[in-house]
Structures are given as structure tokens and as C-alpha cells.
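Okay, so here's the structure we're looking at.
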Amino acid sequence: MNKTMKAETAVSVPTKTDNARRVETLLAHMSLEEKVAQLAQISGAPWNEGPDPEEIIRERGIGSILWLNDTKRFNELQKIAIEESPSGIPILFALDVIHGYRTIFPLPLAMAASWDPVVAEQAQAVAAKEARAAGIHWTFGPMLDIARDARWGRIVEGAGEDPYLGAAMAAAQVRGFQGEDLADPERVLACAKHFAGYGAADGGRDYDPVYLPETELRNVYFPPFQAAVKAGVGTFMSAYMDLNNVPANSNRWLLRDVLREEWGFAGFVVSDAFGVGSLVVQGHARDRQDAALRSLKAGLNMDMASSAYLENLAGLVEDGSLTMGEIDDMVRPILALKAEMGLFEHPYVDETLLDRVVARPEHRQAARRAAQRAMVLLRNEGGLLPLAKGQQNIAVIGPLADSMEATEGSWMVFGHKSAAVTVLQGIRAKLPGATIAYAPGPEIHRDIPHPFGEFDMTEKKPIQTPEDAEAAFQTAVKTAQNADLVIMVLGENADMAGEFASRGSLDLPGRQEELLKAVSALGKPVVLVLLNGRPLSINWAADHVPAILEAWEPGTEGGNAVADILFGDVNPGGKLPVTFPRSGGHAPLYYARTLTHLPEDSPRYYSRYWDSPTTPLYPFGYGLSYTTFAIDNLKLSAAKIKVGQAVTVTADVSNTGSVAGDEVVQLYIHQKWGSDSRPRRELKGFERVTLQPGEVKTVSFSLGPDELGYWSTNAGRWIQEAAPFDIWVGSDSLATCHAALEVVE
Ligand code: NOJ
């Protein structure tokens, strides 16, 4: 590190007024070419096919660089920006740090299953610390897309199907990444993505068009994004797809009317990768120049990786299509955030810091605790779990049992070397004296390979032949036969959920179910541990396997956390943040549908399908424990309130079993009639509580205009109506503890 490369330390940074003045002074002196460069984010990846970063930075600086994960290189490029570019403006280095940098936490869907925003905040704070120590300033997260279609691969990156839970997780993650103050050198700038509606892709097919009426957008898809704005998120990313036939990357209504004018967002918006250039392919822009013009006019500040801004914006100002004022307005928030982060004073990273930061034992401890809290017990017939630690002869079976990739899941930073504890390793560490045999069974793989596989430089294993798969199958059954207890670890590989990872079926891929049936037929006790990033239609297992633990993609400490739960050191308390449908053909399936003229719980209920029930395999909010709980004594502070007033809802939750455990008390409402039909149930409050055996706690929620109002199609605005409401509290979305509330004029 040379003299100019001073480490980022907690020193005083300029005031807001100093920063604003600095930004205006810069804007007054920068050339048009320099300004345009601030609106560009270019690739720093080794496979980069775009412009040469060094050349551009030297000539006119650059707004941001992405897809680079190399601390030394960050300093080299920053040095060129600071010392050689005309205005010496620091570069923002950006990377997808989704669920950890080196210490990997459960994927966001799993974190939502904790129903514990504090643990989500802590996880992203650790991710921020590690990423920032590596020299990364800006992460492309949190991903806030509501997803109600389990076929959509990116369901794993968000908080699931519910706007209320999604909003709580959104705000928590923003706080975790950014902290209280953007000048904090242990935090990173967050990015709320993908604005908006991406999760509702037609048929769950990634990137396909989205048709969402305003009522769905405002009541369901927007709340997590608005929560992120309220939590102070610095940046937004626009989505790829067409929203109601207008590409989100150049959607003026989204980017200007809603985001800035209604919500008062003052940060900047980046496109999704290549999104500006893609407007031509999408049939929206005539050519790349037209694409740049449309996006900038729509309010998109930064072009991620397509270079359409770099190539065209200056020309568009010169020919009068854009004014310098319009360019300045787009550049201003980018410079402001760089200033607020203290990058002008501290542009470099201490190249020795990362090793010290990632070695902190508390990071691994936090990852283990997060994984424990995220896991959901789906079935436990006859109290098979927890297992006795005296178990001596165990078979651990399945293609994911010793897979570090499946344990950590998708979305690793470039160059990540897994240090994950697999389930097999976790069990071995828990029972050092026991005989633990292992057989993977047949491998699983995607039918159509992942396109990102080409960026992965590691040598690819050839796909197992059917003969080898059969031999592996037989070995697995034999291994199970020799044991007293079988733990099967099944699910999906890391590349089966995430971007480019949608699927039509939700069944266990490959021969896993066949193996599960063959092993179950041996008559031994079988525990199924699922590693996966989306709901799976495990119908057979749900009826025949006595114990099922949904472990998701649990991260670096995942295997230890699974062992902690299986052997009773931790009592599971997670709850599903998504409905589990019985079939991929049932998607999208979610709890908050409206009633229809023939509600499913009416006496005349017939399944909407003739070949299977339409009820979920597991409902939203569901999850068991090693103890039992009762939720009762539901009380309202008033049975009748006026529009605009709030009511306090209380209920008692008691641990009626014999061990300590966690219950997530959930509050649901239903407005019985009004201007629009309202969902049969909507989550409007939750609290995860820990209770000792016999202990009782009273939980309390408030229902006011924010919870009782909604955006109405008929009124064309937010309204709150005088109407009767059903209120339920309970342990999942089928809660039965009921009270009535009357809202009057
Ligand atoms: C495309 C993805 O949609 C987005 O989520 C990600 O942040 C960018 N690529 C950058 O890697």
C-alpha cells in the first residue's frame, strides 16, 4: 500500500452541507464526458468483453465497476481514478453479496423462514463487514421481489410470498447492510431490487412478462420496496422484464412517479445488467441510442454493463434531445452517495484487513445461529425427533449429504471457495464416537445446464452414466440396510434455484424419491433433511416419512445447524414464508387469495382441480417444534373503532410441552366486505417468542389505518373503510383463534 492508499478508518467525514457543496462544485467543473461516465457501471470481470476499464477511468473516470472481486485490483483502479482522471472522483465497487461474502448465511428465503428480522439484520451486517474489508462498497441486495410461484427460480433470493413479512425483512436487511450511517467503514451501500413485479413472471419463467394490476402492485409487490425506502436504502435496481408491457428499466411511472415523487426516494437507480441495451431486443427501443434516451428520461441513473449510456448520452445532449440539466440531475445522487460514504476522503481499502475480518469467530457463530433459526420442522410423527445422542449406527444417504455447494446454495461471490460444513460433517462432529456410514446415491443435475456455468472455471465432472447411477442407488440402499437409523439428505443442487433456474415441476429431481421409497421400505426409522431453495411437492414423503426438516440452503455452518436440531441441542422454530403446493401445476399458490363465489372452506367446497386437492401441502406460516404451544385469550382493546383509529390486539401464547421452544405468533385479518374484495387472510403482525415449559407470554399487536387500509381498484387510491373485520391469531395462516372487529365512520 503506498502513502495515498490510506486504510478506511472511522475518522470524521464532512457534513451533509460540505458534501452537497462538493457535489455542486464538481458538477460545475466536470465535462459532459465525465458526467456521462458517472452514469455508467462497467464490468471488471476477467471475461469482460466491454470497454477497457483503465482507459476509460484515466480519460474520464467511471461511476462504478461490477463483477470484480479483487482487493488489490480495487486499489489499482481507484488510484487511477483518484490520481489520473480529470476530476479525481472515486469509483464505487459493486458486487452481488447476497447472503454473505466469505461466511455464508442461509439464503434470503431461508432467513425469512426465521421470522426474525433481527437475525436477518445481523447476517447482512456480517456480510457487509466482510465485503467492505475486501474493498466492495455496494451490494446488489436485498432482493425484495414477492414470489408466489414456486417454479420461479429466484424465489430463493427473496422473503417469499407475503408483503408484510417481506417488508419487515426488507427493512432489516437494509439496516444490516448500511447501518446507521453510510460513512461507517464497516458497511456497504444497499440496493433494493428488482423494481418491480419481477416475481410474477408469467408461468414462473424467468424474465417473462409480468402483468400486474395497480392493486396487486400497491398492496402486494410494492410494500417491501417502500419499506426499504423508509429504512434509508441508498440505491434501487430496476427489473429486467416488461411490466404491463413497459420494460421496468425504462418505466417512468415506476422510477419517477412512484419511487421519487410518491415515496421521496433521493438515492439513485441502476438498471439490471445489460438492461438498457436490452430495450432494443425487448422491442421497446429503436436502437441503443433510443434505449439510452428512453431510460434516462424515465429516471434511470446508471446503466449496468450495457455501455449504451457511455456511447450515446453525450451525443443526445449535443443534438438537443437531452439537456445538461437532465444529465446533472441523474449524476447528482451518485456523487452525493460517494461523498456520504466518505469515499473522497478514504477511497482505498487496507489490503491486509480482509483476512483479519473473515477470521472472526463471531461470524461463524452468527451463521450457525441464523441457520438454526431458519430451519422448519415439517413433520415429526411419534416424536422421532430429536434423536438420542446415543445413536451408534447411522446411515447418512443422499446426493446432498456431503455437498458443500448445496449447503451454501446459489449466489456466491466470484472466486468463493466453499468452507461449508456439510450435513454429513455436522452429524459426524456431533457424534464423534458413532458409526456413521455415508452413501450419496445417484447424482442429480439439471436437464438443461446453467448458462452461468461457463463463468465457473473449475473443471466440470462428467454426468454419471445410468449404470453408475444404478450402482450408486443399490449401494445407498445397502448402506441404509446396515444401519439402525437413516438420515436422508435430499433436495436441489445450488444451481437449481436462483437466476436462470426456473422449473416446471416441484418434485424432488432425479431418482431421489425412488431412493427415499426404497430406503423407507427397509422399515428403519427415516429422517428426511431437505436442502433446497424453493417449495418442493414432497407429497409422498409428507405421508410416509416420519420426520422432515426443511433446512433450505443453510450456509457455511449449515451442517452443524442441522445436527444441532436433529440431536436436540436446538429446538426448531422457523415457519414457512411460502406456501408449499402439491404440484408445480398448482403454482402460483398463496394464502392471501380472495374468497371467490365458492370459498374453499364453504360447505359446498369442491377442489378446483378434479385430479387433486388444491389445498397446500404445507400452508404459509407453518412449522412444528419439539414442544407444543397454545395460543388463546385473544382480546381487542375495543370491539368497535372509528376509521383512522387503532386497536390493540393481545393474545396469550403458552408452552404446553416439556421443553423450551420458539413459537411465531401470527396475526391475520380479513375485511368482510367493501369497495373491493379483500384477501381471505392477510398477515398484519407477527412475533417470535421463546418460552420455557409452562411459561405464558402475552403478545401485543396494533392494527391502525396502515394495517386496515388498502389500495382500492374502485376508488383508484388508498382507502380505509367502515367495515367488519375477522381477526385471527395463531401459529400459521390457518389460525383458528378468532375475534371480530367493527370499524365505523
Ligand atoms: C442480474 C441479476 O438479475 C441481478 O440480480 C444482479 O444483481 C445483476 N445481474 C448483477 O450481477
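Loop-only check: which GluC sites (Glu not before Pro) in segment 454-526 are DSSP coil with at most 10 other Cβ within 10 angstrom?
Hits after loop and neighbour filter: GLU459.
May I ask for the Rg/Rh ratio of the chain, computed from Cα atoms with Rh as the Kirkwood radius, given to two decimals?
When Rh is taken as the Kirkwood radius, the ratio is 0.98.
At LYS72 and GLU467, where each label point lies 7 Å from the Cα along Cα→Cβ, what is the point-to-point distance in nanometres?
Placing both labels 7 Å along Cα→Cβ, they lie 4.8 nm apart.
Let me make sure I get this right: for segment 666-745, a, b and c are the square roots of the gyration tensor eigenvalues over alpha carbons, sorted descending. Under 1.5 in a/c it's rounded, otherwise prolate if a/b > b/c, else oblate. Which is it?
prolate
Calculate one ³J(HN,Hα) per residue across segment 696-709 by plugging θ = phi - 60° into the Karplus curve 6.51 cos²θ - 1.76 cosθ + 1.60, and present them in order as whole Hz with x for glycine and proline.
Whole-Hz 3J(HN,Hα) from phi for segment 696-709: 10, 10, 9, 9, 9, 10, 10, 10, x, x, 5, 7, 8, x.
Counting DSSP beta bridges in the chain, what percent are antiparallel, to the nearest 5?
Of all bridge pairs located within the chain, approximately 50 percent are antiparallel.
Leaving out ligands, DNA and RNA, and with a 1.4 Å probe, what % of the accessible surface on segment 252-367 is carbon or sulfur?
The nonpolar share, carbon plus sulfur, comes to 50 percent.
Taking H placed 1.01 Å from N in the peptide plane, check which residues at least 5 places from VAL570 or on another chain put their amide H under 5 Å from its amide H.
Correct list: ILE565.
Roughly speaking, to the nearest percent, how much of segment 78-126's 1.4 Å accessible area is carbon and sulfur?
49
Using helices alone, what [θ] at 222 nm do you get for the chain, with -39,500 (n - 2.57) per DSSP H run of 4 or more residues, divided over all residues and rounded to the nearest 500?
Helix-only estimate at 222 nm: -8500 deg cm²/dmol.
Could you tell me the largest-minus-smallest coordinate of the C-alpha atoms of segment 172-257 on each of the three principal axes, in descending order and whole angstroms?
The Cα atoms of segment 172-257 stretch 41, 23, 22 Å along their principal axes.
Taking the convex hull of the Cα atoms, report for segment 441-554 its projected area averaged over all directions, in nm².
Its Cα hull, projected and averaged over all orientations, spans 7.8 nm².
Sorted from largest down, what three extents in whole angstroms do the Cα atoms of segment 497-633 have along their principal axes?
Computed over segment 497-633, the largest-to-smallest principal extents equal 49, 46, 37 Å.
What FRET efficiency comes out for ALA639 versus SER31 if R0 is 51 angstrom and r is the Cβ-Cβ distance? Round to the nearest 0.05.
E(calc), rounded to 0.05, equals 0.15.
Excluding residues fewer than 8 places away in the same chain, name every one of the lysines whose C-alpha is closer than 21 Å to that of LYS635.
The qualifying lysines are LYS672, LYS684, LYS697.
Please report the base-10 log of the normalised intensity I(q)/I(0) for segment 490-548, using a Debye sum with one equal scatterer per alpha carbon and no solvent, at each q in 0.14, 0.18, 0.21 (1/Å).
Rounded to two decimals, the profile gives -0.40, -0.62, -0.81.
Once a ≥ b ≥ c are taken as the square roots of the eigenvalues of the Cα gyration tensor of segment 224-340, is the result rounded (a/c under 1.5), prolate (a/b larger than b/c) or oblate (a/b not larger than b/c)?
Here segment 224-340 falls in the oblate category.
Please give, to one decimal in nm, the separation of the simple spin-label points placed at ASN244 and GLU514, each 7 Å out from Cα toward the Cβ.
About 4.9 nm separates the two model spin labels.
Using the heavy atoms of the protein chains alone and a 1.4 angstrom probe, what is the accessible area of segment 241-332 per residue in square angstrom?
36
Say a paramagnetic label sat at a point 7 Å from the Cα of THR215, along Cα to Cβ; which residues of segment 659-680 have their backbone N under 18 Å from it?
So the set is 669-680.
State the percentage of accessible surface on segment 613-745 attributable to carbon and sulfur atoms; use a 1.4 Å probe and exclude ligands, DNA and RNA.
Carbon and sulfur: 50 percent of the exposed surface of segment 613-745.
Quick check on segment 522-568: take the gyration tensor over C-alpha atoms, sort the square-rooted eigenvalues as a ≥ b ≥ c, and tell me if it's rounded (a/c under 1.5), prolate or oblate.
Judged from the Cα gyration tensor, segment 522-568 comes out oblate (a/c at least 1.5, b/c at or above a/b).
Between THR648 and ARG608, what FRET efficiency comes out of the Förster formula 1/(1 + (r/R0)^6) with R0 = 60 Å and r the beta carbon distance, rounded to 0.05?
0.95
Taking 0.36 nm per residue of sequence separation and subtracting the Cα-Cα distance, how much length would be gained by fully extending the chain between LEU595 and SER677, in nm to one decimal?
28.7 nm
Under a crude label model (7 Å from the Cα following the beta-carbon direction), how far is ALA660 from ASN714 in nanometres?
5.2
Between GLY533, ALA739, GLY100, whose Cα lies farthest towards the positive end of the dipole of the chain when Lys and Arg beta carbons carry +1 and Asp and Glu beta carbons carry -1, centred on the Cα centre?
ALA739
Could you give the length gained on full extension between SER700 and TRP540, defined as 0.36 nm per residue of separation minus the Cα-Cα distance, in nm?
The span from SER700 to TRP540 would gain 53.7 nm if fully extended.
Compare the Cα positions of GLY398, SER85, GLN372 along the charge dipole of the chain (+1 at Cβ of Lys, Arg; -1 at Cβ of Asp, Glu; about the Cα centre) and return the one farthest towards the positive end.
Sorting the options by dipole projection puts first GLN372.
How large is ³J(HN,Hα) for each residue in segment 499-511, as worked out from phi by the Karplus curve 6.51 cos²θ - 1.76 cosθ + 1.60 (θ = phi - 60°), to whole Hz, x for Gly and Pro?
5, 6, 9, 7, 8, x, 9, 10, 6, 4, x, x, 9
List the trypsin sites (Lys or Arg not before Pro) within segment 276-339 that fall in a DSSP loop (any state other than H, G, I, E or B) and whose Cβ has at most 13 other Cβ atoms within 10 Å.
Those satisfying the criteria are ARG286.
Using alpha carbon centroids, what distance separates segment 200-264 and segment 48-127, in Å?
Cα centres, segment 200-264 to segment 48-127: 24 Å.
Arrange the peptides 16-28, 219-231 so that the one whose residues have, on average, the most other Cβ atoms within 10 Å appears first.
219-231, 16-28
What net charge is computed for the residues neighbouring TYR164, neighbours being all others with C-beta under 10 Å from the C-beta of TYR164, Lys and Arg scored +1, Asp and Glu -1?
Summing Lys/Arg as +1 and Asp/Glu as -1 gives -2.
Can you compute the charge dipole magnitude of segment 51-189 about its Cα centre, using +1 on each Lys and Arg Cβ and -1 on each Asp and Glu Cβ, nothing else charged? Give it in debye, rounded to the nearest 20.
Computed about the Cα centre, the dipole is about 180 debye.
Can you work out the Karplus-derived ³J(HN,Hα) for every residue in segment 304-313? Use 6.51 cos²θ - 1.76 cosθ + 1.60 with θ = phi - 60°, whole Hz, and x for glycine or proline.
For segment 304-313, the Karplus curve yields 7, 6, 8, 6, 5, 5, 3, 6, 10, 5 Hz.
Lysines near LYS129 by alpha-carbon distance under 19 Å, same-chain residues fewer than 8 away left out - which ones?
Excluding near neighbours in sequence, the set is LYS6, LYS72, LYS338, LYS417.
Enumerate the amide H contacts of VAL529 below 5 Å, restricted to partners 5 or more residues apart or on another chain; note that Pro and chain-start residues carry no placed amide H.
Result for VAL529 returns MET488, VAL489, LEU490, LEU549.
The values are calculated or read from the model by the stated rules, or taken from the named source; none is laboratory data. Values in this document were obtained by computation on a predicted structure and should not be read as measured data. Positions of Cβ are backbone-derived with ideal geometry, glycine not excepted, and every protein chain shown enters the neighbour counts. Note: accessible area is taken over every heavy atom of the protein model, side chains too, but ligands, DNA and RNA are not part of it. Shrake-Rupley method; radii C 1.70, N 1.55, O 1.52, S 1.80 Å.
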